[in-house]
Amino acid sequence: MREPVVGLEIHLQLKTKTKLFCSCSSDYIGATPNTNVCPVCLAIPGTLPILNDHAVELAVKMGLGLHCSISDNTRFHRKHYFYADLPKAYQITQYEHPIAVGGYVDIAAGGKTKRIRVHHLHLEEDAGKLVHPTSDGRLTGASYSLVDYNRGGMPLSEIVSEPDMNSAEEVLAYITQIRQLARYLDVSDGEMESGSLRVDVNISLRNDDGSLGTRVEIKNVNSLRSIERALGYEIARQNKVLDEGGCLVRETRLWDDVAGVTRSMRSKEGERDYRYYVEMDLAPISAGPEYVEEIRKSLPEMPWEKRERFIRDHSLSEEEAAQLTEQKETADYFEECVSAGAPAAKCANWMRMEVQRLLHEMDLPIEKFPVKASELGKLIVRVEKRELSNTQAKDVLAVMAEKELPVDEAIKACGVSCGKITGPALEEIIKKVFAGEPEAVETVRAGNDKKGAKVKFLQGLVMRETRGSADPAEVASLVNSMLK
Amino acid sequence: MEFHKLSALEIAEGVKNGKWKASEVLSAHLERIRKYDGRINSVVTLSEESARKEAEAVDRAVAEGRDPGRFAGVPFLAKDNFCTEGIRTTCCSKMLEDWIPDYDATAIKRMKEAGAVLMGKTNMDEFAMGSTTESSIFGPTLNPRDFGRVPGGSSGGSAAAVAAGFAPLALGSDTGGSVRQPSAFCGVQGMKPSYGQISRYGIVAYASSLDQVGPITRNMKDMAAAMDVLAGADPNDTTCDAYERPSFSDAVLSGIKGKKVAVLTGFDSESMDRPLVEAIDRAAEYCRAAGAEIVKAKLPITMKHAVACYYMVALGDASSKLACYDGMRYGHHADGRNLMEMYKRSRNEGFGKEVRKRILIGTCILTRGYYDNYYVPATKVRQMIADEYAELFRNVDALICPISPALPYRKGLVEEDPVRIYLGDAFSSAANLAGLPSISLNVGFTEDGLPTNVQLMGPRFGDAGLLALAQAIENEAGSPAVADIEKKGGCEE
Amino acid sequence: MIKKMVMDEERLREVLSFSCIGLPEEEYPEVLDRVNAVLRMCDEMQELVGSDVRPFEWDVIKSPARRKDIPVAWDGRDRMLDRAPVRDGDFFRVPRIIAKDGTEEEEEE
């Protein structure tokens, strides 16, 4: 079996309020077609692109997060092709002088850490959207197409990896890592479903003699699952072609998620010529050292730094730390919980079990979880002080989540008496239990409870009556003494 | 009152002090256009209604004691590649025959804000590609100084209109000489400011890194005032420099005493038209008389490579900027069975022959192989040309050289000898390549009444100093008079 | 070293397709002559280019402030659609992109 060699191009839609080169709103999802448009993004004669400051900042942030060096001689190029989704018939992109070059991402796969090199990150504008109206849902044979330019000109940063991945597991880990970083840095939503994170896969097979085979690009993979499947299919397909003595063509293939196969797009690689050259309508970007330093200082703690710190400062296991830092919001929640006084290990446990379960049930992301982290912290503290049992606390948390109540009120609402039942209060309860079970009491007092079963039965009833809020040892001794 | 012989500043002065009304001035100019433009075909669209409104607004401002602006009531024309709100902007191409922009180019906006009144749009070579104003869909413009000759191009309509007294001021665009060469041919003053001096926003592009707005006037004081009005940063054009401009009107009067002016040597003056060589000497003499020191200068790299470099840069960019005309959102549309066929047919029908050829050449030099062997060397040569000028201007304040090697061409030359016309850009295009300010200045007429002009060039953003030099020469040479187009009967063929 | 390149018919066909320009075959010779004349004009530039010369770039005195990330709505959207050759509701309409055999006539992502 030949080793697969995979490189990825990941397009991240940057989280700006406006497009890359004009002031149109970037809030295009669900918008009426062709409403987020203006003379610039429709390529009306005489208009000129004006670079979005914030997009540059986000690209620099992401570049720094990928350990890239930020170029202070960065430029845009024009990439030419005629197509209905591209009003200028060229896309403004970065070609020879991308804004960030030469970085890496460390991924964990197969129980090991592996460094995936990032070739570069560049800025570019997105194209518009085409709608091919056909009744049967297939694209074949539509007599016309409709064009919506709302997405045209949206800011993208394309992250191009080196071909350093050798399995689907590594590919998924890399994508997950990029997505996590983008979200930590608040650079992109990184959602494959909505298209704010898009992946093109370049795959070739390494021959037994170490040489690399023909590279094939796979497009139209819109979820981690489909990437995994497409890789599996493509690896098998390429192996089969080679095993049968065939030749692979350098081409772009489209993943068909329904059929579970990749299909060749009519190959025009050789014929195409994008005629890249410098875009002179835009002044060069001045991302000088001071500017980059300023952004570097503003960077939040990176996910891997957080993970290390959680392990170090909170004595969490790798697995716990990884899970809690997967999302920045989860990590923040955890830390707030800890700062409310709860032990880190307990917080971690609660978050990974109970909070996870509730979030899943309620179908909410952590940032929408109705229980404040500080309140969960208080709850855990009470358990620690043995004011509540674990079981009670779980009930209380459920009420806190459901009714959006703080701890104290939730406890009352649950009917759990707070604090331990002890001394006279406990004696009251025991008397009440004895009154309800005169026969058992009589049996014991008459010395006929040889095996002590009746005493245990009475103790159990008392515990139930106190809803677990009494100390079992105290219950036992009081019950015994009161039976005498 | 012969309004058409007044300068822009004289008109504005009279409007401001109540000597005459903007509406009156406008009527006189419109009448002259209607009466005589049939002879030279310089104006392709008149916007009388909007012009009247603008003039009335100026008159109202004067009546109410408000500041009517620097160019109060000055009627002006703009080349038909300036976007004008509500007025069709065709680039004299079938491609944009019916296109009405809904915004004003920044240059137009600034003129209007200064109280100038836009009368209409002028004829040009299709998409500014040409030097004769013969490739317009509206037919050729004739030279008002000699109807048998071309007015130059591509801003031939604007230059001819100013020469003919249709307006004291017109706007053109200059990619490789398109303001200065027609100004020379028509015997008026034309300026291409430094790249980045005036916003390009709203100018239908030919080549992004070469295009610059340029005013055409009959005297340098009007030119300086136009520069004051037009120059300035623009949030819609980041290639327009944000530096603080001096007052060009103050600068134009500052004289050239003690300045060092170089005269270009080392080019083939034998193949030039004799009166144009003499014009250089005359201009140098005027400079000396005004107190400047005259030295000689050579620009070997520029002289050898400017035209070739210019064509690579300009055509490469043109093929890119003209790709947006696909018949799908605006512009000429032809049906097609599929998308590519629609594009192809729309572009074939919409673009004229010359434009199509230039797009092909431009596309070719950006493709694999040609890009490395032709386009990239051109961008490097361009830097060398810029460096050669920068070096020159470390030692001298300005350069005098020809603007065109030839007097106005006879009509139809473009068909007979296109390469000769290409080579005509030798002197003019370097200013665009290096981004330098350049003025085409009239220094009198031949015995046959043909204008002779020289080119003045200065360091980048040295526009103010260059205006002072031009003014000093104009003081001696006199400013050109309006062509007596009314005395010439019809077409002299 | 000067590398004279000559454009031939085959290349012209490619260029025509890249630039979406049609040209009747009888005009090929004329256009080829013209293109090659321009190329010959440019051959000499190649010898001048030392590797240390950087491609041209503007000197900027003061670059304009970059655009702030604040949305501005445009009211011309309907005018634009109305003026388009073929408006289809909220869309611009274009002829077929997907061919009958299921491939794109000219594919692009």
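The values are calculated or read from the model by the stated rules, or taken from the named source; none is laboratory data. Keep in mind that what you see is a predicted model, and the values were worked out from it rather than measured. Note that each Cβ is placed from the backbone with ideal geometry, even for glycine, and that neighbours are counted across all protein chains shown. The area values use the complete protein model at the heavy-atom level, side chains included, leaving out ligands, DNA and RNA. Shrake-Rupley method; radii C 1.70, N 1.55, O 1.52, S 1.80 Å.
Of the residues making up segment A:65-79, at least one is within 14 Å of another protein chain (Cβ to nearest Cβ), surrounded by 18 or more Cβ atoms within 10 Å (Cβ to Cβ) and assigned to a loop (DSSP other than H, G, I, E, B). Considering C:ILE21, C:ILE97, the condition of being at pLDDT 90 or above and within 7 Å of another protein chain (Cβ to nearest Cβ) is satisfied by C:ILE21 alone. Screening segment B:353-374 for residues that are within 12 Å of chain A (Cβ to nearest Cβ) and open to solvent by 20 Å² or more (accessible area, probe 1.4 Å) and picking the one that is modelled with the highest pLDDT gives B:TYR371. Does segment A:431-446 contain any residue that is exposed (fewer than 15 other Cβ atoms within 10 Å of the Cβ), within 54 Å of the chain's Cα centre (by Cα) and not hydrophobic (A, V, I, L, M, F, W, C)? Checked segment A:431-446: no residue is exposed (fewer than 15 other Cβ atoms within 10 Å of the Cβ), within 54 Å of the chain's Cα centre (by Cα) and not hydrophobic (A, V, I, L, M, F, W, C). Condition check: buried (at least 24 other Cβ atoms within 10 Å of the Cβ), within 14 Å of chain A (Cβ to nearest Cβ), in contact with a strand residue (DSSP E or B) (Cβ under 8 Å, 6 or more places away or on another chain) and not aromatic (Phe, Trp, Tyr). Does B:GLY316 satisfy that? Yes; evaluated as a whole, the condition is true for this residue.
Residues being without any contact (Cβ under 8 Å) to a residue 60 or more places away in the chain, over 26 Å from B:GLU85 (Cβ atoms) and not in a loop (DSSP other than H, G, I, E, B) are entirely absent from segment A:12-29.
Quick check on B:ILE400: is it within 21 Å of the chain's Cα centre (by Cα), assigned to a strand (DSSP E or B), crowded, with 24+ Cβ neighbours inside 10 Å and modelled with pLDDT of 95 or more? Spelling it out, B:ILE400 is indeed within 21 Å of the chain's Cα centre (by Cα), assigned to a strand (DSSP E or B), crowded, with 24+ Cβ neighbours inside 10 Å and modelled with pLDDT of 95 or more. The sole residue among A:ASP200, A:ASP186 that is open to solvent by 50 Å² or more (accessible area, probe 1.4 Å) and among the charged types (D, E, K, R) is A:ASP186. Here the condition is being within 14 Å of chain B (Cβ to nearest Cβ), surrounded by 23 or more Cβ atoms within 10 Å (Cβ to Cβ) and modelled with pLDDT under 95; of A:TYR90, A:TYR83, it holds for A:TYR83 alone. Summed over segment A:144-161, the residues that are more than 23 Å from the chain's Cα centre (by Cα), at negative phi and not in a strand (DSSP E or B) give a count of 4. In segment C:69-94, the residues that are within 26 Å of B:MET342 (Cβ to Cβ) and within 10 Å of chain B (Cβ to nearest Cβ) reach residues that are among the β-branched types (Val, Ile, Thr) and part of a loop (DSSP other than H, G, I, E, B) with C-beta atoms within less than 6 angstrom, at least six apart or across chains, in these pairs: C:ARG93/C:VAL86.
From the list B:LEU441, B:LEU407, B:LEU433, B:LEU413, the one residue that fits, being away from chain A (no Cβ under 14 Å), crowded, with 24+ Cβ neighbours inside 10 Å and in contact (Cβ under 8 Å) with a residue 60 or more places away in the chain, is B:LEU441. Among the residues of segment A:207-222, the ones that are on the phi > 0 side of the Ramachandran plot and surrounded by 16 or more Cβ atoms within 10 Å (Cβ to Cβ) come to 1 in all. Counting the residues of segment A:285-303 that are surrounded by fewer than 17 Cβ atoms within 10 Å (Cβ to Cβ) and either modelled with pLDDT of 85 or more or of a type outside the set (Gly, Ala, Ser) (or both) gives 12. Taking the criterion of being in a loop (DSSP other than H, G, I, E, B) and more than 25 Å from B:ALA483 (Cβ to Cβ), the residues of segment B:217-245 that qualify are B:GLY232, B:ALA233, B:PRO235, B:ASN236, B:THR238, B:THR239, B:CYS240, B:ASP241, B:ALA242, B:TYR243, B:GLU244, B:ARG245. Within segment A:34-64, the set of residues being open to solvent by 20 Å² or more (accessible area, probe 1.4 Å) and more than 24 Å from C:LEU81 (Cα to Cα) comprises A:ASP53, A:HIS54, A:GLU57, A:LYS61. Could you tell me whether segment B:333-352 includes any residue that is closer than 25 Å to B:LEU210 by Cα, aliphatic (A, V, I, L, M), facing another protein chain (nearest Cβ under 7 Å) and open to solvent by less than 10 Å² (accessible area, probe 1.4 Å)? No. If the condition is being surrounded by fewer than 17 Cβ atoms within 10 Å (Cβ to Cβ) and either more than 25 Å from the chain's Cα centre (by Cα) or at positive phi (or both), then segment B:1-23 contributes B:MET1, B:GLU2, B:GLU13, B:ASN17, B:GLY18, B:LYS19. Among residues that are more than 17 Å from A:ASP281 (Cβ to Cβ), facing chain A (nearest Cβ under 7 Å) and part of a loop (DSSP other than H, G, I, E, B), C:VAL60 is not included.
Screening segment A:119-146 for residues that are among the polar types (S, T, N, Q) and open to solvent by 60 Å² or more (accessible area, probe 1.4 Å) and picking the one that is modelled with the lowest pLDDT gives A:SER135. Given the conditions (1) in a helix (DSSP H, G or I); (2) farther than 21 Å from A:ILE411 by Cα, and given that A:LEU364 satisfies all but one, which numbered condition is not satisfied? Answer for A:LEU364: the failing condition is (1). If you go through segment A:100-113 and keep only what is of a type outside the set (Phe, Trp, Tyr) and either under 17 Å from A:VAL60 (Cα atoms) or open to solvent by less than 50 Å² (accessible area, probe 1.4 Å) (or both), you end up with A:ALA100, A:VAL101, A:GLY102, A:GLY103, A:VAL105, A:ILE107, A:ALA109. Flag not set for B:ALA160, criterion: modelled with pLDDT of 95 or more and within 14 Å of another protein chain (Cβ to nearest Cβ).
Total residues in segment A:162-187 satisfying the condition of being part of a helix (DSSP H, G or I) and within 14 Å of chain C (Cβ to nearest Cβ): the figure is 0. Filtering segment B:444-477 to residues that are within 20 Å of the chain's Cα centre (by Cα), aliphatic (A, V, I, L, M) and open to solvent by 10 Å² or more (accessible area, probe 1.4 Å) leaves only B:ALA464.
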